[in-house]
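All remarks here apply to the structure that follows.
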Amino acid sequence: MSPSIYVSFFVLTLALVALDIYQTRGGQISIRKAAIWSVFWFLLAFAFSATIYLFWDFYAPASDYTAEKATVSFLTGYLLEKSLSVDNLFVFAIIFHQYAVPEHLRPRALLWGVIGALVLRAIMISVGAQLLAEFHWVMYLFAAFLIWTGIKLAKDSDEDEVNPLPERVIRKLVPVTDDFHGNKLSIIENGKRVFTPMLVVIGVIAFMDIMFALDSIPAIFAVTREPFLVLAANVFALLGLRSLYFVLEGMMNRFVYLKPALSFIMIFIGIKMALVGSAWEIPTWVSLSVILVTMTVATIASLYREKRQSVSLDKNS
């Protein structure tokens, strides 16, 4: 993959982030608008997959991947990252509740969170690709980590607060005001520079981004070890995250089977990673099918459970 491709993709990413900023200007985002933009980002990812299929020889002329394999790998990686990123949304909701972030300030906080995630994941993808290229045994460490994470996710109960470590560090280093001051990260108060709770919120989101990246980056390397496809899948999965948050904000408690589904996916991807290069290697199209079926079943089962509970409540009232 030539540097010019990465530079061009970086410019495309900046343009798409700017578009996301423009469409959320003003801080007021209706569910309808968020739903339309969520569909837009989803379709955009599939449009990009079409360019991979049509122009893969231009993207990566020296790659061992065929256009078909590259396309399926990107789509599988994208859907995997999209599925795992949904768990981020629950944590974002907890953060906003914990720090009483006003609704009109949440789009800006999410923006910084997404930008931070893009930067952190780009760094981790670069490091991870280099490690896997030089030390194949790292693949088994990643596999064990994913399986352990999946089991831990299945056992964890719902949390009502996030790790306060980032907040303690920030408050120890700089003075922080009690109240928000719009989107400002700092203000001048009594002639001194002080910081607002928005800095704390962004710091906590950035910390959680690192935690989520530790899960998702090894997971996608089980799907493909082509760095460009890993990076592209992460970028497109994160771009629509803000819009998706506002679609799901009022419905998060309805998806009760999301965590078991994500746990199963993590364990499955860990097993897939452990089997790479063996006679039992799991094809990418199988991974794609497993992810789609698992998330579909989890969604339908969650909605069915809610419907049954509603009917039960109506009968008892």
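The values are calculated or read from the model by the stated rules, or taken from the named source; none is laboratory data. Note that the structure is a prediction, hence the values are computed from the model and not measured. With ideal geometry, Cβ positions are generated from the backbone for all residues, glycine too; neighbour counts draw on all protein chains shown.
Of the residues in region 269-298, how many are more than 21 Å from the chain's Cα centre (by Cα), in a helix (DSSP H, G or I) and free of Cβ contacts under 8 Å to residues at least 24 places away in the same chain?
1
Identify, please: which residue in region 5-20 is surrounded by 15 or more Cβ atoms within 10 Å (Cβ to Cβ) and of a type in the set (A, V, I, L, M) and is, among those, modelled with the highest pLDDT? Working first, answer last.
Of region 5-20, the ones surrounded by 15 or more Cβ atoms within 10 Å (Cβ to Cβ) are 9, 13, 16-17, 19-20.
Checking which are of a type in the set (A, V, I, L, M) leaves us with 16-17, 19.
Details: LEU16: 91, VAL17: 87, LEU19: 88.
Only one residue fits best here, namely LEU16.
Please work out which residue is farthest from the chain's Cα centre (by Cα), limiting yourself to region 121-133 and to residues that are surrounded by fewer than 17 Cβ atoms within 10 Å (Cβ to Cβ) and modelled with pLDDT under 80. Before you say what the answer is, go through the steps one by one.
Here is the first cut: in region 121-133, the ones surrounded by fewer than 17 Cβ atoms within 10 Å (Cβ to Cβ) are 123, 126-127, 130-131, 133.
Still in the list and also modelled with pLDDT under 80: 126-127, 130-131, 133.
Numbers: SER126: 18, VAL127: 19, GLN130: 22, LEU131: 22, ALA133: 25 Å.
Restricting to residues being surrounded by fewer than 17 Cβ atoms within 10 Å (Cβ to Cβ) and modelled with pLDDT under 80, the top hit is ALA133.
So that you can scan it fast, the table gives a plain yes or no per residue for (1) among the hydrophobic types (A, V, I, L, M, F, W, C); (2) part of a helix (DSSP H, G or I); (3) at pLDDT 80 or above:
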residue	(1), (2), (3)
ARG25	no, no, no
LEU80	yes, yes, yes
PHE90	yes, yes, no
LEU111	yes, yes, yes
VAL119	yes, yes, yes
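Take TYR65 and decide whether it is touching a residue at least 24 places away in the same chain (Cβ under 8 Å), closer than 24 Å to PHE268 by Cα, outside any helix (DSSP H, G or I) and of a type in the set (Ser, Thr, Tyr). Walk me through it before giving the result.
Values: touching a residue at least 24 places away in the same chain (Cβ under 8 Å): yes; closer than 24 Å to PHE268 by Cα: yes; outside any helix (DSSP H, G or I): yes; of a type in the set (Ser, Thr, Tyr): yes.
It is true that TYR65 is touching a residue at least 24 places away in the same chain (Cβ under 8 Å), closer than 24 Å to PHE268 by Cα, outside any helix (DSSP H, G or I) and of a type in the set (Ser, Thr, Tyr).
Does LEU199 satisfy being in a helix (DSSP H, G or I), in contact with a strand residue (DSSP E or B) (Cβ under 9 Å, 6 or more places away or on another chain) and at pLDDT 75 or above? Step through it out loud before you land on a result.
Working: in a helix (DSSP H, G or I): yes; in contact with a strand residue (DSSP E or B) (Cβ under 9 Å, 6 or more places away or on another chain): yes; at pLDDT 75 or above: yes.
The answer is yes for LEU199.
I'd like to check something: does region 97-110 contain any residue that is under 14 Å from the mean Cα position of the chain (by Cα), surrounded by 15 or more Cβ atoms within 10 Å (Cβ to Cβ) and not basic (Lys, Arg)? Explain how you work it out, then say what you get.
Within region 97-110, the subset under 14 Å from the mean Cα position of the chain (by Cα) is 110.
Those still in the list that are surrounded by 15 or more Cβ atoms within 10 Å (Cβ to Cβ) too: 110.
Those still in the list that are not basic (Lys, Arg) too: 110.
Yes.
With (1) crowded, with 17+ Cβ neighbours inside 10 Å; (2) closer than 23 Å to ILE265 by Cβ as the list, and ALA34 as the residue in question, which single condition is left unmet?
(2)
Name every residue in region 134-146 that is surrounded by fewer than 18 Cβ atoms within 10 Å (Cβ to Cβ), modelled with pLDDT under 75 and closer than 11 Å to PRO218 by Cβ, in order of residue number. Outline the logic, then answer.
As a first pass, look at region 134-146 and keep what is surrounded by fewer than 18 Cβ atoms within 10 Å (Cβ to Cβ): 134-138, 140-141, 144-145.
Retained after the next criterion (residues that are modelled with pLDDT under 75): 134-138, 145.
Answer for region 134-146, where residues must be surrounded by fewer than 18 Cβ atoms within 10 Å (Cβ to Cβ), modelled with pLDDT under 75 and closer than 11 Å to PRO218 by Cβ: VAL138, PHE145.
Need the failing condition index for MET211 against (1) in a helix (DSSP H, G or I); (2) in contact (Cβ under 8 Å) with a residue 40 or more places away in the chain, just the number.
Checking MET211 against (1) in a helix (DSSP H, G or I); (2) in contact (Cβ under 8 Å) with a residue 40 or more places away in the chain, the one that fails is (2).
Give me a count of the residues in region 246-264 that are modelled with pLDDT under 80 and touching a helix residue (DSSP H, G or I) at 6+ places or on another chain (Cβ under 8 Å). Talk me through it step by step, then tell me what you get.
First, pick out the residues of region 246-264 that are modelled with pLDDT under 80: 246-256, 258-259, 262.
Remaining after also requiring touching a helix residue (DSSP H, G or I) at 6+ places or on another chain (Cβ under 8 Å): 246-250, 252, 254-256, 258-259, 262.
Of the residues in that region, 12 qualify.
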